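The values are calculated or read from the model by the stated rules, or taken from the named source; none is laboratory data. Please read these numbers as outputs of a predicted model, since none were measured by experiment. Note that we place each Cβ from the backbone using ideal geometry, even for glycine, and neighbour counts take in every protein chain shown.
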Amino acid sequence: MKKIVIIGNGISGITAARHIRKMSNHAITVISAETDHFFSRTALMYIYMGHMKYEHTKPYEDWFWEKNKIDLVRDFVISIDTDRQKLELQNGRGVAYDELIIATGSRPNKFGWPGQDLDGVQGMYSFQDLENMEVYTKNINRAVIVGGGLIGIEMAEMLLSRNIPVTFLVRESSFWNKILPAEESEMVNRLIRSHHVDLRLVTEMKDILADKNGRARAVVTTDGEEIPCQFVGLTAGVSPNIDMVKASKIHVDRGVVVNKYFETSVPNVYSIGDCAQFETALPNRKSIEQVWYTGRMHGEIVAKTICGKKTAYQPGPWFNSAKFFDVEYQVYGDVKNEMLDSEDCLYWEHENGQHSIRIVFNKSTKALLGINLMGVRYRHEVCDRWLQQGATIKEVVGNLKKANFDAEFYKEYEDEILKVYNSKFPEETLKSTGKRGLFAVFNQ
Amino acid sequence: MEKYIKNAGLVLFIIGFVVFVLSLSLSDYQLTDKIVGQQGEGEKYEALQKATKPMEGKLYDSNISFIRDLKKAIKSANKSIIDKYTIAEEIASEMALKSMDGDKFVFRKSVIDEVLPANGDVATEQNKSLKDFTGWLEGKEFSSRKELSDQLTSAIQNINNSLSYQKAFDDYSAKNLVFSMTKASSLGVLKGNIKLWFFLSFGLVIIGALAYFFGTYSNVPAGIKNNHIFMDALTSRGWIGVILGTFMIAFYIFLYFYPEYLTNWVLLVDPISYKLNGGPASHWFLYGFMYTFAVSVMGIRMLLKYWGNAYQLIRTASVIFFQFAIAFIIPEILISLNKPGYDFKNIWPLDYDFFYNYNLDQLMESGFLGWFMLFWGIALIIIAVPVITYFYGKRWYCSWVCGCGGLAETLGDPFRQLSDKSLKAWKIERWMIHAVLVFAVINTVAVLYTFFSGSYSLFGIGTETIKASYGFLIASIFAGVVGTGFYPLMGNRVWCRFGCPLAAYLGMVQRFKSRFRITTNGGQCISCGNCSTYCEMGIDVRWYAQRGQNIVRSSCVGCGICSAVCPRGVLKLENGPEEGRLDVANLIGNKEVEKV
C-alpha cells in the first residue's frame, strides 16, 4: 500500500483519485485550498446566474469521499520537498507521500497591464473568483471584458443575466478566430451583438484606471478611448498554476514538464491536467491541454501507471464543446481555423444564422478529418468511429442521420449538407434516407 | 413595452388572486324553509326541519357561524331520531330472565314480543330489528342468565349503532347536506353578480398570468431561461414559496375535508357547470375547472418558456389537450347525457376506484357505452401500458397524457429544481412507491371480493376499512395535500415519484422491458449538474452522464428537460434497440478506456 497525495481537487486530480481507488487499496489524500469538495468548475457561471447553487455543482455527495476512503484536506501547499518526499502546508503541517500528483490547474493570464491587481479586476476560474465577482458586480453600471475566448463570452452571459451592460474587447479581428473557421467565428460575433454586448474587435486594453479607493473605474484601450466601468474581467486565456512547483527541484517550463506517462523530472512525481506541459506535444494537439475532457483523460491514465500498469497517454480523436449564449458548439476531430491546402470541406449554414455544419476531409483520400457544429448536436460515438476508421466523406454524408443527436421532433439538417455534397460531387450524388420521426422505432 | 405588459400582468394577477381569496367571505347566509325542504323527504328531513327552525330567517354574516349552527342542527336532528329508535339495553336482562327454562336459559323469539311488543310504528320497527339481529340465538341454551343477557345486550348495541346510518344522516350525507345547504343559503353581493365576481377573480388571475408570461418571454431569444431561479423567493423555497405552499396545502385540506367553507368559489363556477352538464357545480366541478385552467394557463407559460424546443412544445400541447378535452369537457358532456362521467385516459391503479362497486354498477347499467368503458379501462391496464411503454417508455403516459403529470409539468414546472437528488431519497422512493402499489392492489382485490361475494370481510379485515384508509391516506392526503400542496417546497413530482401506483407499474416495464433510454453522448459531459438539478424526479442524471452511461431508471417520466438544459448536448431521449441499452459506462476520450 502506497501513500498517494494529489494536489488539486479539480477534474484531473479527482478522476485520478477515483480511478486509483477503483484499482487499488492505496492510501489517497487530496489537498485543495479552493473548496472542501470537488465541484464542477464549468458550472460556476450557472451559480452566478442563479440556475444552480454551489451544492448542485458537486458531482458526488459529501459522504462519497469517506465511503471510498479518499482523504480530503483543505489547505494550501507551500512547498514540495522531493528529496524527503514531503509537502509543507500553510497550517504548518507536513504531509509525506510515496507518489505525488500535481493537478493544480490554471489561473487567469495577466499580461502586466497597469492596474491589473485593482479591486474589481479579475478572471473567472476559481470558486474565489466567483465569490469576488459576486461582490464586485453589485450595483454597477458597466463591465469591460478583455480577451475573446470561451471564458470571456461566458462572463458576458453571466453579467447580462444581472442586467449589467458589457463592453467586450477582443484583440483579434473576429471572436476566437484562432480556433473557429471564419463563418463560425462570424456567427458568434453576430450572437454576441444580438445580445446587446458592445463588442469591440481588434481592440486591446492599455490601462486600467483606479478610483480613490483602489477600485477600477475605467479601462483605456490602445486607441486611447476611456471606457468607464466598475468591473474588469480578464479572460485572455489561462496558464499553469505552478508557483509552488517552481521553487522545487521539479523541472518546469510554462507548465510542469511531463513525458507521455505524466512523469515529471523527479521520480514518483506526476503532473496532470491544465498545469502539465508535455515535453513533446502529440500530433495535432497542444503541449498544454486546458479543457475539462483532457483533464479527465489525464486522470484516467495516470491512475493506471500509479497502480502498476504503466500506460502512455494515447488520446482518441480530439473533441470539445462550448455554448455561446444559446448556441451550442461541438467539434469532433481536427477542424482548423484555416484549412490546409490538402483539406477541403462541406459547409452549410441555416438562414437564421444559428445552425451550421462543417465537415472537413482530406482532398485526395476523401477521409474525414473533423466536424464542426453550431446549434446542432452530433453523436460522439459515431463521429469518433468515423474518425478512427478514416471514413470517407461519401460514407459520412450518406449516413449522417446516424450521427444526429438533436432531441426528438427537431428539424433535421442532414439533407441540407447532402445538397452541398451533391453540388460539390455531381458525378456521384447521394440520396436522402428520409426522416426519422415518431415511428422510426419500428424500423430499428 | 414587454416590461409594462409583464408588470401590468403581475398587478392584475395579484388583484385577481386577492379578490379570489376574499370572495370566500363575501356572502351572508340565511336558511329558509324552502332550502331545507329541497334537501329531501322522509323522517330524518322532518327532524332536520324541526332542528333548523331556530336558524330560519336568521341572517348570518359569516359562514363560520352559519356552518357551526347548521352542524349542530343536523346533530340534534340525528339525536332526536336515534333517541326515538334506540332500544333500552336494560330489556336484555329482562328478556334473559324470562327465558329461564329450569336451570338453563333458552332463548326464543317470542320473548321479544313479551318484552317489546309491536305496539305502534316505533315499537314495531324495534321489535322487528331485534328479531332480525337475534335470529341466530333462537333455541340456544345458556347456563346463566348473564351469558344470555350479554348476548342480547350486544345485539341491542349493534342495532342502536346502526341507527345513525339506517335512520339518520351518516357522516357522508351530513357532509353533503352541510355543503349544499350552505351553498343554497348564500346571499349578497357575490350571488347577485356571479359573472362580475368570476371576472374579478378567475378572469383577472388568468388574464394577469397570461400577460405576465407574454411580457416575460416574448421577444426573448429561444433558449434556456433559468436565470435567477435560485435567487427568487418563489422558486427557491423562499418566503413566497412557503406562503404559496401553505396556501395550496390549506386549499387541498379544505377541498377534501371541509368543502362547505368553499361554497362561494363553487358559486362562481355554477354558470359554467350549468352550461356544460346542466346541473349546479359541486366542489369537484370547481376543482376540475381550476385544475384545467391551471394546466392550460401554466401550459401556455411552458410553451413560451421552451419556445424553440419542439419536444417540449408538442409534449405540452399534448398534456393541455388531454386535460382540457379528455379529463374535463368530455366527462361533463357525458354527465349531461346521463352517461357515466368517465375520463378515458385515467388508468387503474391511479384511477383507484375504477373497480369500486358503484363504478362497476354504473358502467354495467349504461348500455353499450358503459361496457365499452369497462373494457377500454381494462385494455388500458393490460395492453396499452405494457405495449406502449415497451416502445416509448413510461413518458407516453406520465408526461404526455396523465392529469397529475400534466399539472406537474405546467403548474409545477417552476418548482422542478426542488426535488431531492440524494441517494437516500432514492432509497425511500423505491420502497414507498412500491408499498403504495401493493396497497392499491390489496384495496382493489378487497373491493372486488366484496363486489362478487357480497361479504364485507376478507381475512378478518373489513373491506370498507381498507377502502376508506386508501381513500384517506393515499388518494386524499398523499396525492392531493402532499403531492400537489408541497410543489413549492418539495418539487412538482412528489406524488408521481413517491406515491403513484401506476407510475410504479409503468416504471417496472420501463426498467426491465422497454426500448426507451436517455442516451449519454460519449465523453461530452462536463459534470455541470444542470441535468440533475432540473430533474423533477430527483434522478442524479449527471452520475450516469459523467461516466458515459445511458440513463435507464424506472422513475424517469421522459419530460426531456435534462436534455434541454444540458449546455453541451450530452443527453438524448430515444427509443432504440434493446441490445446495449443497459450497457455499462463507455466514456469516449482515451483510446484505451477503462470501464470504471
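Please specify each residue of segment B:540-549 satisfying the condition of being surrounded by fewer than 24 Cβ atoms within 10 Å (Cβ to Cβ) and either of a type in the set (D, E, K, R) or in contact (Cβ under 8 Å) with a residue 24 or more places away in the chain (or both).
Across segment B:540-549, the qualifying residues are B:ASP540, B:TYR544, B:ARG547, B:GLN549.
If I ask for residues that are surrounded by fewer than 19 Cβ atoms within 10 Å (Cβ to Cβ), aliphatic (A, V, I, L, M) and within 22 Å of B:TYR352 (Cα to Cα), which ones from segment B:413-443 would you list?
Within segment B:413-443, B:MET432, B:ALA435, B:VAL438, B:VAL441, B:ILE442 qualify.
Consider A:LYS22 against the criteria (1) more than 20 Å from A:GLY308 (Cα to Cα); (2) within 14 Å of another protein chain (Cβ to nearest Cβ); (3) surrounded by fewer than 20 Cβ atoms within 10 Å (Cβ to Cβ): it satisfies all of them except one. Which criterion is unmet?
For A:LYS22, the failing item is (1).
Assigned by TED's automatic domain parsing to the domain that holds A:VAL220 and polar (S, T, N, Q): is that true of A:SER79 in this structure?
In short, no.
Taking helices (runs of 4 or more DSSP H) that do not extend beyond segment A:361-434, which have at least 1 residues that are within 21 Å of B:ASN521 (Cα to Cα) and out of contact with any Ser or Thr (no Cβ under 9 Å at 6 or more places or on another chain)?
Per the criteria, A:380-389, A:393-398.
What about B:PHE254, is it in contact (Cβ under 8 Å) with a residue 12 or more places away in the chain, touching a helix residue (DSSP H, G or I) at 6+ places or on another chain (Cβ under 8 Å) and not in a loop (DSSP other than H, G, I, E, B)?
In short, no.
Could you list, in sequence order, the residues of segment B:366-412 that are crowded, with 21+ Cβ neighbours inside 10 Å and in a loop (DSSP other than H, G, I, E, B)?
B:GLY393, B:LYS394, B:SER399, B:TRP400, B:VAL401, B:CYS402, B:LEU411, B:GLY412, listed by residue number.
For A:ALA303, are the conditions met, namely being touching a residue at least 12 places away in the same chain (Cβ under 8 Å) and crowded, with 24+ Cβ neighbours inside 10 Å? Before the answer, list the steps.
Numbers: touching a residue at least 12 places away in the same chain (Cβ under 8 Å): yes; crowded, with 24+ Cβ neighbours inside 10 Å: yes.
So A:ALA303 passes the test.
Collect the residues in segment A:312-357 that are among the small types (Gly, Ala, Ser), more than 10 Å from every other protein chain (Cβ to nearest Cβ) and in a loop (DSSP other than H, G, I, E, B), keeping them in residue-number order.
Quick first cut of segment A:312-357, residues among the small types (Gly, Ala, Ser) only: A:312, A:316, A:321-322, A:333, A:342, A:353, A:356.
Now narrow it down to the ones that are more than 10 Å from every other protein chain (Cβ to nearest Cβ): A:333, A:342, A:353, A:356.
Residues satisfying the conditions are A:SER342, A:GLY353.
Pull up segment A:323-342, narrow it to residues that are within 17 Å of A:PHE405 (Cα to Cα) and either outside the structural domain of A:ILE371 (by TED's automatic domain parsing) or of a type in the set (Phe, Trp, Tyr) (or both), then point me to the one that is surrounded by the fewest Cβ atoms within 10 Å (Cβ to Cβ).
It comes out as A:TYR329.
Among (1) under 29 Å from B:ILE224 (Cα atoms); (2) more than 10 Å from chain B (Cβ to nearest Cβ); (3) crowded, with 19+ Cβ neighbours inside 10 Å; (4) small (Gly, Ala, Ser), there is one condition A:SER271 misses while meeting the rest; what is its number?
Condition not satisfied by A:SER271: (1).
Consider A:LYS411 carefully, then state whether it is surrounded by fewer than 22 Cβ atoms within 10 Å (Cβ to Cβ) and within 21 Å of A:PHE324 (Cβ to Cβ). It would help to see each step written out before you state the result.
On the way: surrounded by fewer than 22 Cβ atoms within 10 Å (Cβ to Cβ): yes; within 21 Å of A:PHE324 (Cβ to Cβ): yes.
Yes: the conditions hold for A:LYS411.
Filter segment B:564-596 down to residues that are in contact (Cβ under 8 Å) with a residue 60 or more places away in the chain and outside any loop (DSSP other than H, G, I, E, B) and give me whichever is nearest to the other protein chains (Cβ to nearest Cβ).
The selected residue is B:ASN575.
Among the residues that make up segment B:29-46, is at least one of them surrounded by 16 or more Cβ atoms within 10 Å (Cβ to Cβ), at pLDDT below 95, outside the structural domain of B:TRP136 (by TED's automatic domain parsing) and under 20 Å from B:ALA123 (Cα atoms)?
yes
Run down A:ARG74, A:ARG93 and say which single residue is of a type outside the set (A, V, I, L, M, F, W, C), over 21 Å from the mean Cα position of the chain (by Cα), closer than 27 Å to A:ARG18 by Cβ and modelled with pLDDT under 95.
Working: A:ARG74 fails: modelled with pLDDT under 95.
Step by step, each of A:ARG74, A:ARG93 is checked, and only A:ARG93 is of a type outside the set (A, V, I, L, M, F, W, C), over 21 Å from the mean Cα position of the chain (by Cα), closer than 27 Å to A:ARG18 by Cβ and modelled with pLDDT under 95.
Among the candidates B:TRP348, B:TRP307, which residue alone is within 14 Å of another protein chain (Cβ to nearest Cβ) and either surrounded by fewer than 18 Cβ atoms within 10 Å (Cβ to Cβ) or touching a helix residue (DSSP H, G or I) at 6+ places or on another chain (Cβ under 7 Å) (or both)?
Numbers: B:TRP348 fails: within 14 Å of another protein chain (Cβ to nearest Cβ).
That would be B:TRP307, the only listed residue that is within 14 Å of another protein chain (Cβ to nearest Cβ) and either surrounded by fewer than 18 Cβ atoms within 10 Å (Cβ to Cβ) or touching a helix residue (DSSP H, G or I) at 6+ places or on another chain (Cβ under 7 Å) (or both).
Check off (1) more than 27 Å from A:ALA156 (Cβ to Cβ); (2) assigned to a helix (DSSP H, G or I); (3) at pLDDT 95 or above; (4) not aromatic (Phe, Trp, Tyr) for B:LEU234 and give me the number that stays unchecked.
Of (1) more than 27 Å from A:ALA156 (Cβ to Cβ); (2) assigned to a helix (DSSP H, G or I); (3) at pLDDT 95 or above; (4) not aromatic (Phe, Trp, Tyr), only one is false for B:LEU234: (2).
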